[in-house]
Amino acid sequence: MALEPRASDLPKIPGALKFYQVASIITGVLLLALCLEMLGKYAFGVELELGGAYGFLALVPSGSVAAINLSIGVLVVHGWFYVVYLFADFRLWSLMRWPLTTFVLIALGGVVPFLSFIVEARMAKRVRAYLAERQARDDQTRDAENQEATH
């Protein structure tokens, strides 16, 4: 029998879902930026420089960045935001009481390009469907109890 969220955790789930969705989108965008940065650096030999001699924002040869290296910035920001994404994943996963494989699948969304967008949509749909089904079931139980009390 699959575990279900505890009744006391139900009010926390919509907030955890929203936090996960926001973290998922930001992580997905940062991962795509990271892929572009790596493509630029390793395929074309360029890095992104901010505020250097070539202007406000410029592509410069790898290793010649004299100002702020935005290529490194993308790496650092994605890495730290992936930690936030994992926290959001863990929070939603633990509240929903899903199996470990679901946690791992969601975690992969932050390291496989485009997967975070796909997994986010599926998990959001799954959570919303569960909450709607649980609400209907609780309403039905409450109605049955009220009918028994009045008879």
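Rule-based calculations on the coordinates, nothing more; no lab input. Predicted model only: the values in this text are computed from it and were never measured. Reconstructed Cβ throughout: ideal geometry from the backbone, glycine too, with neighbour counts over all protein chains shown.
Quick notes on this structure:
- Residue in the stretch 17-40 that is among the aliphatic types (A, V, I, L, M), in contact with a Lys or Arg (Cβ under 9 Å, 6 or more places away or on another chain) and surrounded by 16 or more Cβ atoms within 10 Å (Cβ to Cβ) present: yes
- Meets criteria (of a type in the set (A, V, I, L, M), over 11 Å from the mean Cα position of the chain (by Cα) and either part of a helix (DSSP H, G or I) or more than 30 Å from GLU133 (Cβ to Cβ) (or both)) for ALA33: yes
- Among residues of the stretch 73-126 being surrounded by 15 or more Cβ atoms within 10 Å (Cβ to Cβ) and not in a helix (DSSP H, G or I), the one that is farthest from the chain's Cα centre (by Cα) is TRP98.
- Top-ranked residue of the stretch 127-151 - restricted to ones that are closer than 20 Å to LEU10 by Cβ and of a type in the set (Ser, Thr, Tyr), ranked as surrounded by the fewest Cβ atoms within 10 Å (Cβ to Cβ): THR141
- For the stretch 129-151, a residue qualifies if it is touching a residue at least 40 places away in the same chain (Cβ under 8 Å) and among the basic types (Lys, Arg), and exactly one does: ARG134.
- Check on LEU50, assigned to a strand (DSSP E or B) and surrounded by 13 or more Cβ atoms within 10 Å (Cβ to Cβ): yes
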